[in-house]
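Asks: If you scroll down you'll find the structure; I have some questions about it.
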Amino acid sequence: MKIENAQFRVDGGIHPVYNKHLAKDNAIQAMPLPSLLRVSMSQHLGAPAKPVVAKGDTVLRGQIIGEPAGFISAAVHAPTSGTVKAIVQAPTATGQSVAAVEIEPDCEDKWRDDIKGNPNWESLEVKELIDLVSDAGVAGMGGAGFPTHVKLSPPPNKTIDTLIINGAECEPYLTADNRLMIEQAENIWTGCRIIMKILGAQTVRVAIEDNKPEAIEAMEMAMASTEGNVAIVKLKTEYPQGAEKQQIFAITGKEVPSAGLPMDVGAVVENVGTTLAVWDAVVNGKPLTERVTSVTGTPVSKPGNIRNRIGTSYGDLIEFCGGTEGDTAKIISGGPMMGFAQSSLEVTTTKTTSGLLLLPPKLVTNYSSTPCISCGRCVDGCPMYLMPCELSQMIEAEDYSAAREINLMDCIECGCCAFQCPAHRPLVQHMRQGKGQVMIMMREEKEKEAEKTKD
Amino acid sequence: MHPVLTTTLAIGGVGAACGGALAMAAKFLAVHEDPRIEETANLLPGANCGGCAYAGCADYAKAIILDDAEINLCAPGGESTLCALAAMMGVEASAAEKKVAIVLCGGDSDKAPRKFAYNGIADCTAANSTGAGDKKCAYGCLGYGSCSRACPTGAIEISKGLATIHPELCIGCGACVKTCPRKLIHMIPASRTMHILCSSKDKGPIVKKACSVGCIGCTKCTKMVEDEAITMQGPLAIVDYTKDYTNEETIEACPGKCIKKVPAVAKAMAGRQGSTVD
Ligand code: SF4
Ligand code: SF4
Ligand code: SF4
């Protein structure tokens, strides 16, 4: 086991004010059960799960309440024992209205009877391990929520040689992953070994930004006695180094091809939270029913890292943190760079809620944008080597095919461009709008193609 | 020979040969375009709005002559164009009834509150994909004017965060319909005057919280008209524009206050175009 510095540097990227001090030293606190949990069926990327319980049913913790609907989907489990109050349509963090199961906890918090751990997981087959992960409904906990069992089953023609455990946590303010590494390094490392076995990866890199020295120390202790090609990589603090493609480049120097996936360069990246969930699913046999969310920002009375049941409302979370002091102008689910502004505290946490950020009025400006002055700062900042200024103007002119031509679809919506734009152009919103339109174009093309082959 | 003479002869010869070739080409390779196409094109208004589903007026003219396209597809031209085309083609004029667009939402900013302050691109699609739109009602008009920017005649007015279409200006081209991310714009016969201006599929109590002029699904109006001219689609009452619905008492009777009478458009249209059809 060794500690090394990242060998490559991602072009672009920015250095926002991190403000991690607000919550980074506050140990993870478990939140008591709220009076109602509203569990969304859209916990992950892909098709929302199908609710399989009805009003009045009693459920036990870990019991399946939503079955995966499709290949890219994940099961949803009851976060505690109690009664199903209703199946409702409730908004998710992005505003979409999706089915959700409301559970009134009976406060006994009784697990399903057949939960059984596998302390001797090393003797299990790869297939059995993947099934355990899949049954536990594990999905990427860094933010995107890609179902983990899908990521861990690459097609047979792809060999995975490098496993990267992502502890970069490059989003400003968020500190949940940092705390997980400090407090549960051993378990994360076990989770990592499980994933190694599943993928057959020989090389493991644990990527941590150098603004988290305690996390590096803790992971070092946990991994100290490990043999093999295993290392902790210290990344220079820079946003967006937690993004998969950027991280792979910083560590291996390999570039994921346009429209490709990390597995195309033989790598898989898993977030530390996800790794811990894999450990819990395999070693303890427990489905994913809770996560750690950073509740932070200057208006929060007692910022902290809160272990909460999935389905806890944002309002309950903030209340648990002592409510607010002073005015709050904006509430963001996730981090300030890639999170989603919220208009209601009724929204509930999911497997991907890494943070809940409250911003005071002085940090929220209402600006209006002016025309591009062609300064090129956005081009400098874009870690995907795009030309956001050009793209945004094309999208404004509704010339989506031209934007697609110059690789609009590679945009990862990191926000580095908009962060730097002196003209305050709504660049990321343009990208999102453009990507949406191109997606529609692609779908239509596919349909046409399908029709042609039918004839 | 004198070099000047040689050059003159050579160039003159080449010129004559080319001229001859061109003359032959003009005679044997000529493309005969039906003169009626141009005549037809001259009868069309030249708005190039695309409402007929052809690529501009010239294309439509070609389709009429060559592909027997219907002659009643030109909405802006109205009756006068139709009659002229009918006379030219020697067929009977059977007018497709003039259509106009309508926005089926009545919640302006006084009646339908917003759930957050939106500070992004002033475009309805963009606004609709940010937190699913800033309007409390998930179905109502966002008022960022994507439709009005698509309208070739400026018939759509945005005021107090609500799009309203002026039927006397609408040429029925349908360009606005597909721009609306909330699918609020419908093409209806221009003679219709009674409308239910709500598209919310939410149940009554939710509608009430989000808008003071929304359909609460009480079904009262459906019972006041004949021939199922208004039907319920879930909790929303919908006017069937192919049926007769003129009962103005429904306006007062509607507890949701979402039924509205808009002055007849057909008359205004005819006047504006100075139609001579009798
Ligand atoms: S949001 Fe997209 S265009 Fe802007 S910097 Fe990030 S990747 Fe580049
Ligand atoms: S940063 Fe803004 S002003 Fe500068 S080139 Fe990019 S879009 Fe234009
Ligand atoms: S009718 Fe549709 S496109 Fe027009 S302003 Fe309203 S929401 Fe926007």
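Every read-out reported here was derived from the displayed coordinates using simple, explicitly stated rules and does not represent laboratory data. If you're wondering where the values come from, they're calculated on a predicted model, not measured in any experiment. When we count neighbours, we look across all protein chains shown, and the Cβ atoms used for this are built from the backbone with ideal geometry, even at glycine.
Asks: Farthest toward the dipole's positive end in the protein assembly as shown, which of B:113, B:13, A:441, given Cβ charges of +1 (Lys, Arg) and -1 (Asp, Glu) about the Cα centre?
Replies: B:113
Asks: Find the cysteines in chain A that fail to meet the 4.7 Å Cβ criterion with every other cysteine, and list them.
Replies: Singleton cysteines: A:107, A:170, A:192, A:321, A:372, A:375, A:382, A:389, A:411, A:414, A:416, A:421.
Asks: I would also like to ask the following. How large is log10 of I(q)/I(0) for the protein assembly as shown at q = 0.05, 0.07, 0.08, 0.09 Å⁻¹ when the intensity is taken from the Debye formula with one equal scatterer per alpha-carbon?
Replies: Values, matching the q order: -0.35, -0.64, -0.78, -0.93.
Asks: Please arrange A:134, A:392 by how many other C-beta atoms lie within 10 Å of their C-beta, fewest to most. Intermediate values should be presented prior to the final figure.
Replies: Working: A:134 19, A:392 28.
Lowest count first: A:134, A:392.
Asks: Just to be sure I understand: of the beta bridges DSSP finds with both ends in the protein assembly as shown, what percent are antiparallel, rounded to 5? Don't skip to the end; give the middle numbers.
Replies: Numbers: 52 of 79 bridges.
For the protein assembly as shown, the DSSP antiparallel bridge percentage is about 65.
Asks: Next up: Beyond 17 Å, how much of the Cα-Cα pair distribution for segment B:35-89 remains, as a whole percent? It would help to have the intermediate numbers written out before the result.
Replies: Details: 269 of 1485 pairs.
In whole percent, the long-distance tail amounts to 18.
Asks: Right, next: Just tell me, in residue order, which DSSP H segments of chain A are both 24 angstrom or longer along the helix axis (alpha-carbon based) and at least -0.5 in mean Kyte-Doolittle hydropathy. All intermediate terms of the calculation are to be shown ahead of the outcome.
Replies: Values: long enough: A:176-199 (26 Å, 0.17); A:427-454 (40 Å, -1.25).
Going by DSSP H runs, the hits are A:176-199.
Asks: Need one value for B:118-130: mean number of C-beta atoms belonging to other chains within 10 Å of its residues' C-beta atoms.
Replies: On the way: counts 2, 8, 7, 10, 2, 5, 0, 3, 7, 2, 3, 7, 9.
Partner-chain Cβ atoms within 10 Å, mean over residues of B:118-130: 5.
Asks: Add +1 for every Lys or Arg and -1 for every Asp or Glu among the other residues with Cβ under 10 Å from the Cβ of residue A:271, and state the total. Kindly include the intermediate steps, with their values, before the conclusion.
Replies: Details: positive: none; negative: A:169, A:177, A:244, A:270.
Residues close to residue A:271 contribute a combined charge of -4.
Asks: If you place +1 on the Cβ of every Lys and Arg and -1 on the Cβ of every Asp and Glu, how big does the dipole about the Cα centre of chain A come out, in debye to the nearest 20?
Replies: Numbers: 42 positive and 55 negative charges, 38 e Å.
Rounded to the nearest 20 debye, it is 180 debye.
Asks: Can I ask one more? How much net charge surrounds residue B:38 when only other residues with a Cβ under 14 Å from its Cβ are counted (Lys, Arg +1; Asp, Glu -1)?
Replies: -2
Asks: With just the Cα atoms defining each centre, how far is segment B:33-50 from segment A:116-142? Give it in Å.
Replies: Segment B:33-50 and segment A:116-142 have Cα centres separated by 70 Å.
Asks: Considering the zone a paramagnetic label at residue B:37 would reach in this model (a point 7 Å from Cα along the Cα-to-Cβ line), which residues of segment B:68-100 have amide N under 16 Å from it?
Replies: Answer for this model: B:68-69.
Asks: In Å, what Kirkwood hydrodynamic radius results for segment A:217-302 from the alpha-carbon pair distances? Please list the in-between numbers first.
Replies: Details: mean 1/r = 0.0620 Å⁻¹.
Result for segment A:217-302, one decimal place: 16.1 Å.
Asks: Using the Cβ atoms and a cut-off under 12 Å, what net charge is assigned to the surroundings of residue B:61, where Lys and Arg are +1 and Asp and Glu are -1?
Replies: Values: positive: B:36, B:62; negative: B:33, B:34, B:38, B:39, B:59, B:67.
Overall, the nearby charge balance is -4.
Asks: How big is D, in µm² s⁻¹, for segment A:377-454 by Stokes-Einstein at 4 °C and 1.567 mPa s if Rh is the Kirkwood radius over C-alpha pairs? Walk me through the numbers on the way to the answer.
Replies: Working: Rh = 13.0 Å.
So the translational diffusion coefficient is about 100 µm²/s.
Asks: Just the number, please: Stokes-Einstein D of segment A:174-215 in µm²/s, Kirkwood Rh from C-alpha pairs, 10 °C, 1.306 mPa s. Walk me through the intermediate numbers first.
Replies: Details: Rh = 11.3 Å.
Here the translational diffusion coefficient equals 140 µm²/s.
Asks: Using only alpha carbons, build the gyration tensor for chain B and give me the equivalent ellipsoid semi-axes, biggest first, whole Å. Working shown, then result.
Replies: Details: eigenvalues 593, 132, 36 Å².
Each semi-axis is the square root of five times an eigenvalue, giving 54, 26, 13 Å.
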